[in-house]
Amino acid sequence: MLNLKLPTDPRWANIAEQNLDEVLIDHAFCEQKAASTAISFIVNYPEYEELVIAMADLVKEEMTHFQMVHNIMMERGYKMGWERKDEYVARLKKFIPQGLDRKKALIYRLLFAAIIEARSCERFKVLSENIKDKELSEFYFDLMKSEATHYTMFLAFARKYGVGIIDVEKVWENFLEEEKKIIADFGKKEFIHG
């Protein structure tokens, strides 16, 4: 369903399990970034009413997820700390061409968001199936379902708004190929995309 070209090695969950505090901290920042991405769509594309409504709902959902992660962290005595650069996201962002017109930029941004949600969904699945911590296993199983919904929503918007503007399927396939190359360099650290 996710169409990712390179699955995460389940052994990544072993690395993550040894550093659950780092996983949770990184995850909290991912939820913040997801909320701010949704806000960015609202700010930059207010004329797309259906998108604005969906993004407003997404902001609330992502911040609820942030609160859930933060609550787990506090219960376990973990501190938030400072945000870290997400190298995976930074490298993936380079696939978006510079100088696109507004409509094409929207399509690329939607596909960019879709692929990040797809990888997050896949990583949450790996965590839910491979870590011994029962609370977090169940937590990541539930969040996996949300991420899958976000992935399909962003992809559907890209397909809807891309009609007559860009070959969305071709760009999506190219995005997936690029993501495959990028993710091959990751999976060795206890970060959601690490």
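Rule-based calculations on the coordinates, nothing more; no lab input. All values reported here derive from a predicted model rather than from experimental measurement. Note that each Cβ is placed from the backbone with ideal geometry, even for glycine, and that neighbours are counted across all protein chains shown.
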Inset, instruction - Only Lys, Arg, Asp and Glu count, each charged at its Cβ (+1, +1, -1, -1), so figure out the dipole size of the chain about its Cα centre, rounded to 20 debye. - result: 560
Inset, instruction - Show that you can apply the helix-only estimate: for the chain, add -39,500 (n - 2.57) for every DSSP H stretch of four or more residues, divide by all residues, and state [θ] at 222 nm to the nearest 500. - result: -24500 deg cm²/dmol
Legend entry - Which listed pairs, of 5/132; 93/180; 33/125; 60/132; 160/180; 145/181, have C-alpha distances above 23 Å, in listed order: 5/132; 60/132; 160/180; 145/181
Legend entry - Packing-based order for 163-176, 102-115, 57-70, using average beta carbon neighbours within 10 Å, highest first: 102-115, 57-70, 163-176
Inset, instruction - Under a 10 Å cutoff between Cα atoms, tell me which one of 126, 23, 43 has the largest fluctuation in the Gaussian network model of the chain. - result: 43
Legend entry - Selection from 16, 124, 113 lying farthest towards where the dipole of the chain points positive, charges on Cβ: 113
Legend entry - Dimensions in Å of the range 1-149 - Rg and Dmax from alpha carbons: 16.1, 48
Inset, instruction - Would you tally the net charge around residue 62, using a Cβ to Cβ cut-off of less than 11 Å, leaving residue 62 out, and scoring K and R as +1, D and E as -1? - result: -3
